[in-house]
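Step one of this worksheet: look at the structure below.
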Amino acid sequence: MAGAGRVATFTIYRQTYHRDFPAPYVLALIALSEGPRMISNIVDCPHALVRVGMAVAVRFVPRGDLVLPLFAPVAAPTANPEPEGDIP
Amino acid sequence: MPRTAVIAGIGHTSFGRLEGRTARELEVEAIRLAVSDAGFAPADIDGLITDPGPSQPVMSGIEPHYLDLGRQLGLDPDFAGTEMLGGASSVSSVQRAAMAIGAGLCSVCLCVYGDTALSAAGSFSYGRGAEAAFGFFGAAGLHALAAQRHMARFGTRPEDLAQVAIAARAHAARTPHAQLKRPLDLDGYLASRMVAEPLRRADCCLISDGAAAVVVCAAERLPDLAARAVKILSMGQAHSLSTIASPEHFDELPAARCGPAALARAGIGAGDVDVALLYDCFTIVVLMQLEAYGFCKLGEAAGFVAGGRIAPGGALALNPTGGLMAEGYGGGMLHVIEAVRQLRGTAGDRQVEGAELALISGHGLGMNTHATLVLGR
């Protein structure tokens with residue numbers, strides 16, 4: 001696993017469900033380049049610029065007792081990105 | 001030759017915030033109404049299938065829900081059980097009753113949904129398995145992922161989701177017992193607060209206290225079927241036990257397998273349905289089911305619902321009571337009850353002229369489970 005993938009779908013939580021997860025935050029389904037899919041968060045990206053199809057790369061971030069694989073955009077996100085091919 | 005099952009009686013409590021009522025009281029009230037509507041006496045009941053709703057436990061210790069309810073009713077049924085298919089449970093309870101009757105295990109079976117999810121439950125903020133570590137909570141977040149993907153694949157817009165919510169409110173205005181009758185227009189929809197983008201509060205169904213019951217019986221038990229009994233023409237169930245990690249998880253509901261198959265077994269297609277009662281926990285699920293059942297092609301639901309097609313007076317009578325979005329959260333049993341009313345011709349202001357075929361769906365356990373009923377006059 002190279003830790004590279006694309007956003008298959010996502011949601012921006014705007015309601016806080018748990019005190020450890022204050023809204024807003026981005027929950028995404030990541031399609032890893034090797035095939036498997038996983039739920040994670042998109043970080044280091046303005047929420048309004050997250051897109052289905054966006055190329056992302058893993059970064060490991062400590063959260064409480066865990067170290068979680070979160071994902072950030074590979075390229076600086078823009079409001080009107082070039083299409084990146086089929087939806088993963 | 002299996003015996004034919006019919007729905008002979010319907011009954012429900014009021015729906016909304018029913019402070020101080022227990023789920024058990026509400027269930028008993030709905031059952032009494034349904035048994036009386038069918039013209040049976042309590043002693044005639046020999047089957048009991050229950051849907052304990054989103055907040056009652058399926059099991060209390062070692063006792064399943066039906067056992068305590070049946071005991072309070074004074075029943076020693078020949079057939080009993082509690083459904084565990086989430087939002088598909090009410091529809092599947094009727095299926096289970098019909099199968100038990102067909103196989104001769106019982107003859108007059110109660111199917112009951114009941115819950116006090118609004119006044120008794122703390123919240124629906126449950127974590128979604130290990131993925132709660134990423135903040136994956138609740139049903140809205142899951143369906144928001146489905147909605148966002150539908151938008152990316154097909155260009156579906158918030159204005160298209162809005163058609164479902166707006167139509168539901170307009171329908172509810174003609175439903176005397178509806179929980180939410182306040183009208184909704186597009187501006188109101190767009191102003192509704194975001195829960196999990198792209199889903200707003202107005203995309204989410206209600207949470208309710210209430211109970212609803214039907215009596216399913218062998219056709220031969222009713223000497224005069226003409227007036228009140230509605231035939232179960234066909235049934236279907238499909239489960240997609242893939243996890244969220246599966247590529248098709250958000251792209252094909254199990255409804256796409258059992259829905260068209262159930263319609264075909266009834267000898268009809270989606271275009272023949274006079275009234276559709278589709279499980280509407282979130283607006284996006286209605287759009288996805290319209291595609292899955294073949295009312296329109298995959299990706300074309302937004303165009304299908306445009307122009308008021310599912311609003312009162314539109315070409316497709318869809319959830320004429322306002323459904324889970326506005327009538328009240330009744331599992332799916334209120335959908336079954338409205339189908340029976342429509343086929344009996346007793347739906348009042350909501351009556352679809354000459355309705356002969358009704359489709360009912362139940363969608364549950366995330367995107368994993370679906371159940372279908374086709375009823376006929």
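A short reminder: the numbers here are calculations on the coordinates, not readings from a lab. Predicted, not measured: the structure shown is a model, and the values here were computed from it. With ideal geometry, Cβ positions are generated from the backbone for all residues, glycine too; neighbour counts draw on all protein chains shown.
Looking at (1) within 12 Å of another protein chain (Cβ to nearest Cβ); (2) among the aliphatic types (A, V, I, L, M); (3) not in a helix (DSSP H, G or I), which is the only condition B:L110 fails?
Going through the list (1) within 12 Å of another protein chain (Cβ to nearest Cβ); (2) among the aliphatic types (A, V, I, L, M); (3) not in a helix (DSSP H, G or I), B:L110 breaks only (1).
Going residue by residue through segment B:238-246, is there one that turns out to be assigned to a strand (DSSP E or B) and over 16 Å from B:L343 (Cβ atoms)? Lay out the reasoning, then the answer.
If we filter segment B:238-246 for residues that are assigned to a strand (DSSP E or B), which is where we start, we get B:238-239.
Next, from what is left, pick out any that are over 16 Å from B:L343 (Cβ atoms): B:238-239.
The answer is yes, given that some residue of segment B:238-246 is assigned to a strand (DSSP E or B) and over 16 Å from B:L343 (Cβ atoms).
Considering only residues that are at the interface with chain B (Cβ under 7 Å from one of its Cβ atoms) and not hydrophobic (A, V, I, L, M, F, W, C), look in segment A:1-18 and name the one that is farthest from B:L199 (Cα to Cα).
A:H18
Please list, ordered by residue number, the strands (runs of 3 or more DSSP E) wholly in segment A:19-88 having 1 or more residues that are away from chain B (no Cβ under 13 Å) and of a type outside the set (V, I, T).
Working: elements: A:25-32, A:37-41, A:55-63, A:66-73.
The qualifying strands (runs of 3 or more DSSP E) are A:55-63, A:66-73.
Just wondering, is there one or more residues in segment A:53-69 that are aliphatic (A, V, I, L, M), in contact with a helix residue (DSSP H, G or I) (Cβ under 9 Å, 6 or more places away or on another chain) and more than 23 Å from B:R153 (Cα to Cα)? Please lay out each step first, then the result.
In the first step, residues of segment A:53-69 are kept if they are aliphatic (A, V, I, L, M); the result is A:54-58, A:61, A:66-68.
If we keep only those that are in contact with a helix residue (DSSP H, G or I) (Cβ under 9 Å, 6 or more places away or on another chain) too, we end up with A:66, A:68.
Going one step further and asking which of them are more than 23 Å from B:R153 (Cα to Cα), we end up with A:66, A:68.
Yes: one or more hits.
Report yes if B:A98 is at negative phi, in a helix (DSSP H, G or I) and either small (G, A, S) or touching a strand residue (DSSP E or B) at 6+ places or on another chain (Cβ under 7 Å) (or both), otherwise no.
Details: at negative phi: yes; in a helix (DSSP H, G or I): yes; either small (G, A, S) or touching a strand residue (DSSP E or B) at 6+ places or on another chain (Cβ under 7 Å) (or both): yes.
Taking the combined requirement at face value, the residue satisfies it.
One residue is enough: does segment B:316-327 have a residue meeting the conditions touching a Pro at 6+ places or on another chain (Cβ under 6 Å) and on the phi > 0 side of the Ramachandran plot?
The answer is no; no qualifying residue exists.
Wholly within segment B:272-361, which helices (runs of 4 or more DSSP H) include no fewer than the required count, namely at least 3 residues that are more than 27 Å from B:F250 (Cα to Cα) and in contact with a Leu (Cβ under 7 Å, 6 or more places away or on another chain)?
Qualifying helices (runs of 4 or more DSSP H): B:333-344.
Could you pull out the residue among B:G87, B:G81 that is part of a strand (DSSP E or B) and of a type outside the set (A, V, I, L, M)? Steps first, answer last, please.
Values: B:G87 fails: part of a strand (DSSP E or B).
The conditions single out B:G81.
Out of the helices (runs of 4 or more DSSP H) lying entirely within segment B:114-209, which hold 2 or more residues that are without any contact (Cβ under 8 Å) to a residue 60 or more places away in the chain and either within 14 Å of chain A (Cβ to nearest Cβ) or farther than 30 Å from A:P88 by Cα (or both)? Full working, then the answer.
Numbers: elements: B:138-154, B:158-172, B:186-191.
It comes to B:138-154, B:186-191.
If you scan segment A:35-77, which residues turn out to be of a type in the set (D, E, K, R) and either touching a residue at least 12 places away in the same chain (Cβ under 8 Å) or crowded, with 18+ Cβ neighbours inside 10 Å (or both)?
So in segment A:35-77, the residues of a type in the set (D, E, K, R) come out as A:37, A:44, A:51, A:59, A:63, A:65.
Across segment A:35-77, the qualifying residues are A:R37, A:D44, A:R51, A:R59.
Restricting attention to segment B:134-153, which residues are crowded, with 17+ Cβ neighbours inside 10 Å and either hydroxyl-bearing (S, T, Y) or farther than 23 Å from B:S55 by Cα (or both)?
From segment B:134-153, those crowded, with 17+ Cβ neighbours inside 10 Å are B:134-152; that's our starting set.
Within segment B:134-153, B:F134, B:L145, B:A146, B:A147, B:Q148, B:R149, B:H150, B:M151, B:A152 meet the criteria.
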